[in-house]
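Below is one structure; the comments refer to it alone.
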Amino acid sequence: MRHKTFLWFILPSLAAMILFIALPLVSVVVQSMHIEHEQVLVVTENCGPFGCTQESSVDTEATAKLRAEQPLGRFAGLATYFDRGHLASAEIAEAWANRESLGDFFAELYNLPFYKALAFTLTYTFVVTPMVIVLGLLIALGVNRLTPALKGPTIFVSLLPMIITPLIGSLILFWMIDAQGVIGKSLQWIFDDPELSLKASPPLTWITLIVYGIWSGAPFAFVVFYAGLQTVNSDSLEAAMIDGATKWQQIRYVVIPHLMPLAVFISLMQLMDNFRVFEPVVGFSAQANAPSLSYIIFADMRSDITRFNSAAATSVLTVIGVTILLAPVLVRTWRDFKGKAV
Amino acid sequence: MSMMKLSMLGAAAVFMGTTAYAGCGVTSGNVSILGNDFAAIQAVAEGAKQCAGDGVTVESNLNKDYRDLQIAALTANPAQYSTVVTTNAAIVPLIGEGLIRPLDDLIAKHGQNISKNQLITVDGKVMAVAFMANAQHLFVRTDILEKAGVEVPTTYEDVVAASEAIKAAGLMEHPFATTSQTGWNLGEEFVNMYLGFGGEFFKPGTAEPNVNNETGVAALNMLKSLTEQSNPDFLTFDSNAVQASWEAGDLAIAHLWGSRGTGILDAEGSTDEIVSNTVLVSSPTVGGGSTPASSLWWDGFAIAANVSDEDAEASFVAMLNGISQENVKANNDAAVWLVEGYQPSAASAGVLATATGGTKPYPMIPFMGLMHSALGAELSEFLQGSESAEQALADVEAAYVSAAKEKGFLQ
Amino acid sequence: MSSTIANRSSRSLIVISSAFVLLWVIVASFPFLWTLWGSFKVQGDFFSKADWTQALTGTRTLIETGGTFTGKGYEGAWVQEEFWRAAINTFIIVFFTVVISLTFGTLGGYALARSGHNYSFWLLMIALVFRAMPHITLVSGYLLPFFEWNLWGHIPTAIIVLVAINQPFTLWMLHSFFLNIPKDLDESAKVDGCNQFQAFRHVIIPVMWPGVITTGLFSFLLAYNDFSVTSMLLSEENRTMVPAIYGFLGSTQEEGNVMFAVASVVSATAPLFVLVMFFQRQIVSGLTAGAVKG
């Protein structure tokens, strides 16, 4: 395809992405490298319904003047990236210098908000993604054997976890897993422990979130795999059977290789989405035990004073993290692409 | 106040607004209101809409996330909203960025009916008009306390003792709860407790943090002994969860927002036994202090700086109509109104008692929000028992300092 | 083909596989069925702190409404709170988002699939990185310019933002579909004297529908379930269903109407049911045609 034709075809899509993603992305990167102006503080008397107090206030005029001179704020380079709320280089160096043992060092590391969130986010991503792929494949294989009349309804029901908006889905599940709720009570009965609470301990919260992640992610993998199964070449299956392959061997040597490209596609999407896990953390009120990187961004953005620069830095770190995670898949795609190229 | 009643009232107001003359004394201007979304503010917005008519338009956007919109919406010129309903915490960035205008001239012209204590002044200039108050205070179940043989607690030390007595009597496993969800709620609990102990969050006249001290440790230890009386899920408790537990009869003492009083005292969701024995009392004092360990909040309206004087005047008049005596009377139970003509009810007893006890208002300091977020994020480990109080407070200060540097309050 | 294989496989395998599917169906549908049943109860039952069996029996519902089932949640949401407005807004936004997304996406995806140049690969990769950007950061960045240019709050603004944000996914997916449509088809059309666009119009469009419909389903779900964009960029009268449901949940200040939210969630699922049933065949055949190439 000629360059010019290509440009015309891609133009609408490209324009939308440049305007609404690329330009904001540039602005986010720029802002993450700035911090706000020095605020000129004065002490004023503030009065209200409950009496008067002497409190600090911002001298609006003086600050406005500083702001007019440099609208973006003060340039800070990568300072925000390395402060305590993000990569915390100084704190890590100190913890390493003062460590009593390796465990002690990791405890110090875990005390820093970014690393605490990273620990959960990575665990979540690396447990949920493979589980989703395996579960999705098993469901697809199972549904594929059903009689045609049952297939339709089963597909719809299988899609339900993906369809219900996570905001409400996790809210309802949160009530069900309450110590008094239907799932919580059942678990207490199963484990014979009347004090069992999924919300109180960090490990149980992690498990709950991970189970929810698998539950809500499986339908996507299922739909894609199920479609892939429809194209498995029946000749090769027949041939394998004639060679005396067992059912398991057929799946292992014929079906799975056929589905491999799909698994790559699913893992690409799942890695990315799981690394940005957010709604379940809020829905399950899990921010104490299992904050994620996206939750940190949310907390900066929605606190009493919006910290956009800090949120921007965490966002850029998230994008870098996703890119690192996807690198192996990307390299593979590049080879495929070169292989196909004319 | 049921939603049904409110929306009927709203419908009536709209009807009157469209047919009646512009009865508020303004003849031109565009009024647009941004605010939080709950019954009292809905009532005020509907009241303001009665001023719509020839030449005057009134529209509102009530959104729970109004705080995320307000800065950008008022920074634009002309501002998207001419007036914003705000609180003592939410107003701080608006003042800091110079996005709201002083109201002195408008008050001189139209504000004859505003009582002096409604005016929010900063450095002598009126920046907002408050119309309702809120505070966290104690909700107690008198029947349970009686069975356990204890009085209604007036100090936090009594609250812990009463909870122990209730547990000892085998009445309840976890008799106490407060809004201790990690994040804003937990930060607010520490703020209350620290104020109750007489603490100052910052070194005077500076933005330097001042919580890692004996007072801070005492406040944290009190919080911990309270959460030990609470369900182990306490780090997930927001107001909704505490209210639900209360209505299910799982609690005997709760420290909860006064605005929840109406919902708890109505017949919905709970049994007669629970409702009839629920009493709303002042927030307790702590550590021998004389003022309750809580903080007072107001909701009020401010007028945007980046709108024409005509729109500003129309907005001011319309909002005054929203908090008029008639409108307040019609919505008496929706809030603890600071407006004359308000009749205190059983649901407002706790807030009024807390306010008359000399409780401090939530600090209107530009960097308080950063401290609040740091507190909300860094205290959970201590309450879970995996960190010392000193370490938790050191973490709070470190988190605050890095945020304050980024925002330019510290160098 | 699969049926003949199934016939020959051992009985135990069939039992295990059927049992597994049955288990999955229960796990997948249980929370939804629970919600569906509970949406006809009062809050005190569905979110009972006292005893979860009340959600089944409706103890409080009987006390508060005089029957064990009540339509109050639905009535409250649809009649009193005018949830239908949000439903109409959602319909408009989702319809245009899907149509525009697919139009842009098919053109772009086709070009990416047919261009062998390196830059098309890098474009795809960059689109993927774009997708990694947390939405909440993007949306906060839009606020000031949108307010400044008076674009904020309008439905078209939300539509174009949703289109743009979902474009990387749409492009990626459609690109894989087009890779599966044999190149000979449009090449031979070009030999016959068509230019690239004519080849696309006369040869590709007729065969691309399965892929487009599948991608459309995912675009639909993304727009339908979106919260971060619609909650921050739409004014109150243009609000869509998900932010409206969120609005029912109450705040620190006061309790919301949680049962309105539950009833709305159940109602919001109904159109999706119809949609999936209607397009079920296309969804499967669509993915078959395309995603195989990953």
- Contact list, first residue from the range A:63-88 and away from chain B (no Cβ under 11 Å), second anywhere and outside any loop (DSSP other than H, G, I, E, B), beta-carbon distance below 6 Å, six or more apart or interchain, is A:Leu72/A:His34; A:Phe75/A:His34; A:Tyr81/A:Ala313; A:Leu87/A:Tyr81
- Set B:Gly376, B:Gly358: member being at the interface with chain A (Cβ under 10 Å from one of its Cβ atoms), touching a Gly at 6+ places or on another chain (Cβ under 9 Å) and either surrounded by fewer than 20 Cβ atoms within 10 Å (Cβ to Cβ) or of a type in the set (Ser, Thr, Tyr) (or both): B:Gly358
- Query: Hey, among the residues in the range C:55-66 that are surrounded by fewer than 21 Cβ atoms within 10 Å (Cβ to Cβ) and within 25 Å of A:Gly184 (Cβ to Cβ), which one's nearest to the other protein chains (Cβ to nearest Cβ)?
  - Reply: C:Glu64
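Are any residues in the range A:281-292 in a helix (DSSP H, G or I) and surrounded by fewer than 24 Cβ atoms within 10 Å (Cβ to Cβ), and if so, which ones?
Within the range A:281-292, A:Val282, A:Gly283 qualify.
Can you spot a residue in the range B:82-91 that is more than 23 Å from B:Pro363 (Cβ to Cβ) and either among the aliphatic types (A, V, I, L, M) or away from chain C (no Cβ under 12 Å) (or both)?
Yes; the residues of the range B:82-91 include at least one that is more than 23 Å from B:Pro363 (Cβ to Cβ) and either among the aliphatic types (A, V, I, L, M) or away from chain C (no Cβ under 12 Å) (or both).
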- Query: If you go through the range A:237-251 one residue at a time, do you hit one that is surrounded by 15 or more Cβ atoms within 10 Å (Cβ to Cβ), at the interface with another protein chain (Cβ under 10 Å from one of its Cβ atoms) and touching a residue at least 24 places away in the same chain (Cβ under 8 Å)?
  - Reply: no
- Pull up the range B:106-116, narrow it to residues that are exposed (fewer than 15 other Cβ atoms within 10 Å of the Cβ) and not small (Gly, Ala, Ser), then point me to the one that is farthest from the other protein chains (Cβ to nearest Cβ). B:Lys109
- Message: Just to be sure I understand, how many residues within the range B:188-208 are closer than 15 Å to B:Leu370 by Cα and either among the aliphatic types (A, V, I, L, M) or surrounded by 24 or more Cβ atoms within 10 Å (Cβ to Cβ) (or both)?
- Response: 4
- Message: Here's a check for you: in the range A:54-103, which residue that is over 19 Å from B:Ala374 (Cα atoms) and among the β-branched types (Val, Ile, Thr) is surrounded by the most Cβ atoms within 10 Å (Cβ to Cβ)?
- Response: A:Val58
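Quick test for you: out of C:Phe20, C:Phe30, C:Phe40, pick the one residue that is within 16 Å of C:Met259 (Cα to Cα) and either charged (D, E, K, R) or not assigned by TED's automatic domain parsing to the domain that holds C:Ala270 (or both).
Selected residue: C:Phe40, the only one of C:Phe20, C:Phe30, C:Phe40 that is within 16 Å of C:Met259 (Cα to Cα) and either charged (D, E, K, R) or not assigned by TED's automatic domain parsing to the domain that holds C:Ala270 (or both).
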- Message: Take C:Leu112 and tell me if it is within 30 Å of A:Met176 (Cβ to Cβ) and either at pLDDT 90 or above or not in a loop (DSSP other than H, G, I, E, B) (or both).
- Response: no
- Which residues, taken from the range B:198-231, are within 13 Å of chain A (Cβ to nearest Cβ), without any contact (Cβ under 8 Å) to a residue 12 or more places away in the chain and over 16 Å from B:Met368 (Cα atoms)? B:Glu228
- Query: Only one of (1) of a type outside the set (D, E, K, R); (2) surrounded by fewer than 18 Cβ atoms within 10 Å (Cβ to Cβ); (3) part of a helix (DSSP H, G or I); (4) in contact with a helix residue (DSSP H, G or I) (Cβ under 8 Å, 6 or more places away or on another chain) fails for C:Phe69. Which number is that?
  - Reply: (3)
- How many residues does the range C:33-54 contain that are in contact with a Ser or Thr (Cβ under 7 Å, 6 or more places away or on another chain) and either away from chain B (no Cβ under 11 Å) or assigned to a loop (DSSP other than H, G, I, E, B) (or both)? 4
- Residue ID - surrounded by the fewest Cβ atoms within 10 Å (Cβ to Cβ), chosen from residues in the range A:252-278 that are aliphatic (A, V, I, L, M) and under 17 Å from C:Leu13 (Cβ atoms): A:Ile256
- For C:Thr230, state whether it is crowded, with 23+ Cβ neighbours inside 10 Å, modelled with pLDDT of 90 or more and either touching a strand residue (DSSP E or B) at 6+ places or on another chain (Cβ under 7 Å) or basic (Lys, Arg) (or both). no
- Any chance the range C:99-106 includes a residue that's part of a loop (DSSP other than H, G, I, E, B) and either under 21 Å from the mean Cα position of the chain (by Cα) or not assigned by TED's automatic domain parsing to the domain that holds C:Leu222 (or both)? no
- Could we say that C:Ala244 is at pLDDT 85 or above, more than 10 Å from chain A (Cβ to nearest Cβ) and crowded, with 21+ Cβ neighbours inside 10 Å here? yes
- Message: Given the condition in contact with a strand residue (DSSP E or B) (Cβ under 8 Å, 6 or more places away or on another chain) and crowded, with 16+ Cβ neighbours inside 10 Å, answer yes or no: does some residue in the range C:81-92 qualify?
- Response: yes
- Restricting attention to the range C:32-45, which residues are surrounded by fewer than 20 Cβ atoms within 10 Å (Cβ to Cβ) and under 21 Å from the mean Cα position of the chain (by Cα)? C:Phe32, C:Leu33, C:Leu36
- For the range A:20-61, what are the residues that are more than 30 Å from B:Asn134 (Cα to Cα) and more than 14 Å from chain C (Cβ to nearest Cβ)? A:Met33, A:Ile35, A:Glu36, A:His37, A:Glu38, A:Gln39, A:Val40, A:Glu61
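For the condition more than 13 Å from chain A (Cβ to nearest Cβ) and surrounded by fewer than 22 Cβ atoms within 10 Å (Cβ to Cβ), what is the one hit in B:Ser315, B:Ser345, B:Ser388?
Criteria check complete, one pass: B:Ser345.
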- Query: Only one of A:Leu146, A:Leu159, A:Leu173 is within 14 Å of chain C (Cβ to nearest Cβ) and not in a helix (DSSP H, G or I); which?
  - Reply: A:Leu146
- Query: Wholly within the range B:235-295, which helices (runs of 4 or more DSSP H) include no fewer than the required count, namely at least 2 residues that are within 17 Å of B:Val152 (Cα to Cα) and free of Cβ contacts under 8 Å to residues at least 40 places away in the same chain?
  - Reply: B:272-276
- Query: Are any residues in the range A:328-342 exposed (fewer than 12 other Cβ atoms within 10 Å of the Cβ) and either at the interface with chain C (Cβ under 7 Å from one of its Cβ atoms) or at pLDDT 90 or above (or both), and if so, which ones?
  - Reply: A:Val342
- Restricting the search to the range A:178-191, which residues are surrounded by fewer than 22 Cβ atoms within 10 Å (Cβ to Cβ) and under 27 Å from the mean Cα position of the chain (by Cα)? A:Ile183, A:Gly184
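Surrounded by fewer than 21 Cβ atoms within 10 Å (Cβ to Cβ) and either of a type in the set (A, V, I, L, M, F, W, C) or within 23 Å of the chain's Cα centre (by Cα) (or both): which single residue out of A:Pro194, A:Pro130 fits that description?
Values: A:Pro194 fails: either of a type in the set (A, V, I, L, M, F, W, C) or within 23 Å of the chain's Cα centre (by Cα) (or both).
Answer to the check: A:Pro130.
The values are calculated or read from the model by the stated rules, or taken from the named source; none is laboratory data. Since this is a predicted model, take the numbers as computed values, not measurements. All Cβ positions, even for glycine, are placed from backbone atoms using ideal geometry, and neighbour counts span all protein chains on display.
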